[in-house]
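Worksheet: the structure to be examined is printed underneath.
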Amino acid sequence: MRLKVIDSQRCVGCQSCMFACSRRFGQAGLANTCMNVVSAGGMSKGFKVIVCRACKEPPCAKACPVDAFVVNPKGGIKLKPELCVGCKNCIDACILGAIQWNEETAKPLACIQCGLCVKYCPHHVIEIVEH
Amino acid sequence: MKIENSFSKVLYIDLSKKTFFVEERYDLFSKYLGGTGVATQLLKENCKEGADPLSEDNTLVLAVSPFAGVFPLASKTVAMFKSPLTGDLGESHAGGRSAISIRSTGYGAIVINGKSSVPVYLSIHNGKVRFRNAYTLWGMRSCFQAGAIIRERESGSGIRAIMRIGKAGENGVAYSAVTTETYRHFGRLGMGAVMGSKNLKALVVSGKNSIPLADKKLYREVYNEIYDAAVKSDVMKKYHDIGTSGNVLSLQKIGALPTKNLQEGKFEKAKEIDGVHIAEHYLGRRVACAHCPVGCIHIANIREPHPNEPYFYKTAQVSYDYELLFALGSMLGIGDEKGMLKLIDEVEAYCLDAMSTGVVLAWTTEMYEKGLINIEQLNGLELKWGDWETYIKTVEQIVNQPNDFYKALAKGVAHASKIYGGEDFALAFGKNEMPGYHTGPGCHIGYAIGTRHSHLCNAGYSLDQKMIVDGTKETPQSIVDSLMKEEKWRQILSSLNLCFFARGIYTMDVIKRGLKSVGFDLTEEEINSIGEQIYAEKYSFKFREGFSFANQKWPKRIFETKSPSIEFDPKFMDEALAYAEKKIRELL
Ligand code: SF4
Ligand code: SF4
Ligand code: SF4
């Protein structure tokens, strides 16, 4: 399963998805969100919804000097935070900007394709689909 | 992190010295929650008594709350300052990403004092403050451009708020606004001019602090309740579908749509400027404030051809809601919806408050029509109802203030009418220009005694409606009692940064349990008493700065143009004022 943006034109920029993702960690706020919604050059132009595409051969994982990502053979990654040295190589390697950063732990945040965000998008912008 | 640390730090900025410091103020947040409650205290502590609103002695406070970044629709930052328009309490609320970003950068409130020697903007990321030179942004015609430039320079894409003023604020127009995220405004009482007088062009704020919770299980429960009510029930339907702009025809139907400076309560072209018509022909996109699943911001696309180049078009994206359609539509007799949208775009580019601008233009038109001002005073602009092209030019004059007359207009309709006459039809209450409801005595009393930013969302409108529908006969006293009761409750809503559109969702029970989940264990009585205290504290600031009930005058026009509710005369209204004063003094 992977997270997919089905129609970013319908996105209103409410960030409900980001808040939902972040809540998985038992906190409020946006500290732990694994996705990002940014304006497409100002709100008047709409929004870009940036999610991880669950690559089969993920450049982010390849760029990691300490192999902190476990790669799912069907696609997608999982971070082992205990290995991560906080170098941000993964952030540079994903040209979508799909890896987020937790400022407090100084570690990356990578989507686990769980689909919680989908449940909280009021406008059906995102979906969980088969690989 | 302790929960209270996550919302109770106050950032103090001194623009004169370009210094800042942070202080723990749990004393204030534990007593007044946040938002309005805390901002009132910080304003009282920092703003010098009798301060000139456009001097370094004024203070600008931005306050969030334990609900910001925690619950949906807790999106409205509360700004407080001494108002250059009314000379007393200035309160203004705006959404966008402002509340979430202030909380997430680590502060519960930001207090801005002093005045910078050069134009600056403040950049606050992850709690770190920088003063940046804004010289090159000063004097730029459009605040959209200034926003775009800051956007390119600064980090925090997706999670930042860019709160900026336009030329109106720089030039000290007493009803200039502050725009955030292109389409949201700290409107009404002149926050733009306060920032302008401090040489402060903008604030950029971002952060991603985590926010701890006291009771995670309860939190999830309350969160889902609120979220479901916002997206699945009918409570919010009127805000997301057509939006408030559908009010044009609702008010038209009952004859409460202020038209041509309230000479009438009906507008023959109401249909053209109503939300349904605009949605059908122009609606291009809907946008939301951060953490609001509703998405009530409606944006119209207008396409115009270049005046002398073929196949050359520009498209503007203009946000609209009821207040704009009334103020820059029916109030000015503009029934050409495209022209109205262009006028709105112009007003927004200068970052003026749309309601006040509309009321000022309407008064000026009537003054000219009646021969009380002449064409020289207007600098050659021949104002006529419906003529949006001339109104666009007039707006520019208000911003640039080339002569004494325009200088007076820039101070508001109450000020201008004192000099030039026409006070009977200068539609301001406590020097603040009227919003778009002429439903009856309830709304007008509400404008006059309200303590909040816009005086809009007072309960007067629904009281009037009840009288229209059920035929109930309210007295001056019963109206004041209801308004005051609701006002006290709404202090709680704004102290928690809640969008007033969500007041149907945020019942006492929801608020109580929500507060518990973030570490406030309060009873209903305690919550109500906090609301009452905040209400009283705001009045005490108003009185401190010279507000007096005796100075309140009713514009004659509200009695001349019939409203759909019960009959009311000056005696009725004065009785209400006297009773309100008595009741309010009892609280102090
Ligand atoms: S983070 Fe980027 S590179 Fe890594 S799997 Fe996701 S989309 Fe691919
Ligand atoms: S799928 Fe799960 S981990 Fe990925 S962005 Fe959505 S909520 Fe976050
Ligand atoms: S929840 Fe949906 S509409 Fe809201 S920001 Fe996320 S993708 Fe956009």
Have a look at B:Leu73, B:Leu62, B:Leu54 and point out the one that is outside any helix (DSSP H, G or I), on the phi > 0 side of the Ramachandran plot and hydrophobic (A, V, I, L, M, F, W, C). B:Leu73
So, in segment B:384-430, exactly how many residues are open to solvent by less than 10 Å² (accessible area, probe 1.4 Å), without any contact (Cβ under 8 Å) to a residue 24 or more places away in the chain and under 23 Å from B:Met340 (Cα atoms)? 0
Which of the residues that make up segment A:1-14 are at the interface with chain B (Cβ under 7 Å from one of its Cβ atoms) and either within 9 Å of ligand 2 (Cβ to nearest atom) or touching a strand residue (DSSP E or B) at 6+ places or on another chain (Cβ under 6 Å) (or both)? A:Val12, A:Gly13
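Residues checked against (1) open to solvent by 40 Å² or more (accessible area, probe 1.4 Å); (2) hydroxyl-bearing (Ser, Thr, Tyr):
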residue: B:Gly504; (1), (2): yes, no
residue: B:Val518; (1), (2): no, no
residue: B:Asn528; (1), (2): yes, no
residue: B:Glu532; (1), (2): yes, no
residue: B:Tyr535; (1), (2): no, yes
residue: B:Gly546; (1), (2): yes, no
residue: B:Phe549; (1), (2): no, no
Out of everything in segment B:296-317 that is more than 18 Å from the chain's Cα centre (by Cα) and closer than 22 Å to B:Ser98 by Cβ, what residue ends up being least open to solvent (accessible area, probe 1.4 Å)? B:Ile299
Six or more apart or on different chains, Cβ atoms under 6 Å: show the pairs whose first residue is in segment B:111-136 and at negative phi and in contact (Cβ under 8 Å) with a residue 12 or more places away in the chain and whose second is part of a helix (DSSP H, G or I) and crowded, with 20+ Cβ neighbours inside 10 Å. B:Val111/B:Leu42
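This table checks each residue for (1) more than 24 Å from the chain's Cα centre (by Cα); (2) more than 30 Å from B:Leu54 (Cβ to Cβ); (3) surrounded by fewer than 21 Cβ atoms within 10 Å (Cβ to Cβ).
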residue	(1), (2), (3)
B:Thr179	no, no, no
B:His185	no, no, no
B:Val204	no, no, no
B:Pro212	yes, yes, yes
B:Lys217	yes, yes, yes
B:Asp234	yes, yes, yes
B:Lys253	yes, yes, yes
B:Glu280	yes, yes, yes
B:Val287	no, yes, no
Out of all the residues in segment A:39-53, which are away from chain B (no Cβ under 14 Å) and surrounded by fewer than 22 Cβ atoms within 10 Å (Cβ to Cβ)? A:Arg53
Exactly one of (1) in a loop (DSSP other than H, G, I, E, B); (2) touching a residue at least 24 places away in the same chain (Cβ under 8 Å); (3) more than 15 Å from ligand 2 (Cβ to nearest atom) is unmet by A:Ala54. Its number? (3)
Looking for something within 16 Å of ligand 3 (Cβ to nearest atom), within 16 Å of the chain's Cα centre (by Cα) and among the aliphatic types (A, V, I, L, M) - is there at least one such residue anywhere in segment A:91-101? yes
Looking at the structure I just gave you, is B:Asp336 open to solvent by 50 Å² or more (accessible area, probe 1.4 Å), closer than 22 Å to B:Gln252 by Cβ and either in contact (Cβ under 8 Å) with a residue 12 or more places away in the chain or within 14 Å of chain A (Cβ to nearest Cβ) (or both)? yes
What single numbered condition from (1) within 14 Å of chain A (Cβ to nearest Cβ); (2) under 25 Å from B:Glu323 (Cβ atoms); (3) assigned to a helix (DSSP H, G or I); (4) among the aliphatic types (A, V, I, L, M) fails to hold for B:Val222? (2)
Just checking, does segment A:102-123 include any residue being touching a residue at least 40 places away in the same chain (Cβ under 8 Å), among the polar types (S, T, N, Q) and more than 16 Å from ligand 3 (Cβ to nearest atom)? yes
Considering residues of segment A:15-28 that are facing chain B (nearest Cβ under 7 Å) and more than 10 Å from ligand 3 (Cβ to nearest atom) only, the residue surrounded by the most Cβ atoms within 10 Å (Cβ to Cβ): A:Ala28
Of those in segment B:51-93 that are touching a Cys at 6+ places or on another chain (Cβ under 8 Å) and away from chain A (no Cβ under 12 Å), the residue most open to solvent (accessible area, probe 1.4 Å) is B:Asp57
Checked against (1) touching a residue at least 12 places away in the same chain (Cβ under 8 Å); (2) over 30 Å from B:Cys292 (Cα atoms), B:Lys571 satisfies every condition except (1)
Of the listed residues (B:Met140, B:Met163), the one being outside any loop (DSSP other than H, G, I, E, B) and of a type outside the set (Asp, Glu) is B:Met163
May I ask you to list the residues in segment A:86-131 that are touching a helix residue (DSSP H, G or I) at 6+ places or on another chain (Cβ under 6 Å) and either in a loop (DSSP other than H, G, I, E, B) or more than 11 Å from ligand 2 (Cβ to nearest atom) (or both)? A:Asn89, A:Cys90, A:Ala93, A:Cys94, A:Ile99, A:Pro108, A:Tyr120, A:Cys121, A:Pro122, A:His123, A:Val125
Give segment B:558-579 a look and list any residue that's crowded, with 20+ Cβ neighbours inside 10 Å and among the charged types (D, E, K, R), or say none. none
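Residue-wise test of (1) open to solvent by 30 Å² or more (accessible area, probe 1.4 Å); (2) more than 8 Å from chain B (Cβ to nearest Cβ); (3) in a helix (DSSP H, G or I); (4) over 25 Å from A:Lys119 (Cβ atoms).
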{"site": "A:Ala31", "(1), (2), (3), (4)": "no, no, no, no"}
{"site": "A:Val37", "(1), (2), (3), (4)": "no, no, no, no"}
{"site": "A:Lys62", "(1), (2), (3), (4)": "yes, yes, yes, yes"}
{"site": "A:Asp67", "(1), (2), (3), (4)": "yes, yes, no, yes"}
{"site": "A:Lys78", "(1), (2), (3), (4)": "yes, yes, no, no"}
Of those in segment B:11-47 that are over 21 Å from the mean Cα position of the chain (by Cα), hydrophobic (A, V, I, L, M, F, W, C) and part of a helix (DSSP H, G or I), the residue farthest from B:Ser494 (Cα to Cα) is B:Leu28
Restricting segment B:94-122 to residues that are in a strand (DSSP E or B) and within 21 Å of B:Glu56 (Cβ to Cβ), the one most open to solvent (accessible area, probe 1.4 Å) turns out to be B:Asn113
Among A:Phe19, A:Phe25, which is the only one that is more than 10 Å from ligand 1 (Cβ to nearest atom), of a type in the set (Phe, Trp, Tyr) and in contact (Cβ under 8 Å) with a residue 60 or more places away in the chain? A:Phe19
Go through (1) among the charged types (D, E, K, R); (2) within 11 Å of another protein chain (Cβ to nearest Cβ); (3) farther than 18 Å from B:Cys296 by Cβ for B:Lys198 and report which single condition fails. (2)
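If you scan segment A:80-103, which residues turn out to be small (Gly, Ala, Ser) and away from every other protein chain (no Cβ under 14 Å)?
Across segment A:80-103, the qualifying residues are A:Gly86, A:Ala93.
The values are calculated or read from the model by the stated rules, or taken from the named source; none is laboratory data. These numbers were taken from a predicted model, which means no experiment stands behind them. Every residue, glycine among them, receives a Cβ derived from its backbone with ideal geometry; neighbour counts consider all protein chains shown. Note: accessible area is taken over every heavy atom of the protein model, side chains too, but ligands, DNA and RNA are not part of it. Shrake-Rupley method; radii C 1.70, N 1.55, O 1.52, S 1.80 Å.
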